[in-house]
Amino acid sequence: MKAFQYLIFLLLFSQLMTVTVWAKDNDSNELIIELIEMRNTIYNQEYNNYSKIIDYSINIFNQKPNSAEAFNTVILLDKLELNDIIIKKYKDLKDKYFSSLDDLNSNIPEKLIILFLMFRGIENNSNSDIDSLINFFNEKLVNISNNCPNKNYMALSYIFLFYHPQKSLEYMIEFKNKFNNSPMLPMVDLNFIVSTYQKTPETCINEIIAWQKSFGNIASPFGWKLEIEGYSAIASCYFILKNIEKTKEYLKKVINEVPEYYEDDSDAKLLLMNNVKIK
């Protein structure tokens with residue numbers, strides 16, 4: 001079975017939306033540097049270094065499970081190509097921790113990674129196994145989200161649950177109700193807006209603008225504010241509306257403020273470079 005493609009972000013122009021973190025101490029800054037390095041490892045296709053991403057993920061989930069860094073790390077895990085290096089890493093983790101998967105007092109980071117890689121199809125399950133795999137993934141994560149003695153791991157487990165192909169919105173609502181002070185809330189809220197209003201782009205734009213008023217002035221340590229995330233989302237909405245000029249306008253807002261926001265080969269930059277017509 002191919003890796004699941006139920007992306008946490010539905011935005012058309014997102015490459016890794018985004019390596020945004022809210023850090024106020026030296027330890028966090030070190031984690032941010034590592035996060036950027038891991039992001040670059042994926043986009044530069046440095047396959048031999050992929051095992052470091054698993055190691056980093058375990059580290060950040062151990063140190064700061066309820067954090068924006070952890071939120072973005074989940075996205076990194078979704079971007080991983082499931083090559084031989086990752087398969088070996090997965091097998092090593094599974095051999096050590098799978099038998100104690102229901103023990104919620106130990107090694108939660110490793111268990112979350114095992115579950116997510118299983119969900120992504122690392123074991124090449126047949127199509128007939130997909131439903132049972134999704135149910136297994138959901139059952140184990142719901143157990144963590146409801147019963148883990150560490151509330152921070154409860155919060156983190158929801159970020160993985162957002163990938164559920166049918167229950168994503170349901171889990172976002174639960175997260176917003178349970179963890180309204182979480183550092184992950186701003187990006188969860190934006191994803192909730194985009195997911196809820198994906199079929200009504202005009203409403204989505206208005207909701208994103210309201211979101212920007214609440215969270216837009218939060219600064220990331222990279223020098224840009226969260227309003228940039230809103231501009232990227234609005235660009236996606238205008239693209240769905242086939243309004244190419246407004247799409248370009250908001251893409252330019254992003255790139256003018258943060259030139260490195262999009263990868264050079266991203267749809268966003270290609271759209272600005274070419275005379276694209278939307279049919």
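Across the stretch 179-188, a minimum of one residue is classified as farther than 15 Å from ASN72 by Cβ, loosely packed, with under 15 Cβ neighbours inside 10 Å and either modelled with pLDDT of 90 or more or in the same structural domain as TYR153 (by TED's automatic domain parsing) (or both). Taking (1) at pLDDT below 90; (2) β-branched (Val, Ile, Thr); (3) in a helix (DSSP H, G or I) in turn, ILE205 satisfies each apart from (1).
Scanning the stretch 127-169 for residues that are surrounded by 14 or more Cβ atoms within 10 Å (Cβ to Cβ), hydroxyl-bearing (Ser, Thr, Tyr) and assigned to a helix (DSSP H, G or I) turns up SER145, TYR153, SER157, TYR158, SER168. Checked against the criterion of being basic (Lys, Arg) and within 17 Å of the chain's Cα centre (by Cα), the stretch 91-110 contains not a single residue that satisfies it. Evaluate the following for GLU123: is it closer than 30 Å to GLU46 by Cα and either aliphatic (A, V, I, L, M) or over 18 Å from the mean Cα position of the chain (by Cα) (or both)? When the stated conditions are applied, GLU123 passes them.
Results for (1) farther than 26 Å from PHE192 by Cα; (2) of a type in the set (A, V, I, L, M, F, W, C); (3) at pLDDT 95 or above, shown as yes or no for each residue.
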position	(1), (2), (3)
LYS94	yes, no, yes
GLU110	yes, no, yes
GLY121	no, no, no
ASN124	yes, no, no
ASP129	yes, no, no
ASN150	no, no, yes
ILE159	no, yes, yes
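Taking every residue in the stretch 83-95 that is without any contact (Cβ under 8 Å) to a residue 12 or more places away in the chain and within 15 Å of PRO109 (Cα to Cα) and pairing it with any residue that is buried (at least 19 other Cβ atoms within 10 Å of the Cβ) and of a type in the set (Gly, Ala, Ser), at least 6 positions away or on another chain, yields no pair with a Cβ-Cβ distance below 7 Å. Among the numbered conditions (1) outside the structural domain of MET154 (by TED's automatic domain parsing); (2) at pLDDT 90 or above, the only one that PHE222 does not meet is (2).
Rundown of residues vs (1) under 17 Å from HIS164 (Cα atoms); (2) among the charged types (D, E, K, R), yes/no style:
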site	(1), (2)
LYS89	no, yes
PHE98	no, no
ASP103	no, yes
ASN107	no, no
LEU112	yes, no
PHE119	yes, no
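Across the stretch 192-211, what is the total count of residues that are charged (D, E, K, R) and either under 21 Å from ASN180 (Cβ atoms) or surrounded by 21 or more Cβ atoms within 10 Å (Cβ to Cβ) (or both)? Number satisfying all stated conditions: 1. May I ask you to verify whether LYS52 is in a helix (DSSP H, G or I), farther than 19 Å from SER157 by Cα and either at pLDDT 90 or above or not hydrophobic (A, V, I, L, M, F, W, C) (or both)? The answer is yes for LYS52.
The values are calculated or read from the model by the stated rules, or taken from the named source; none is laboratory data. No experiment lies behind these values; they were computed from the predicted model shown. For neighbour counting, all protein chains shown are included, and Cβ atoms are generated from backbone atoms with ideal geometry for every residue, glycine included.
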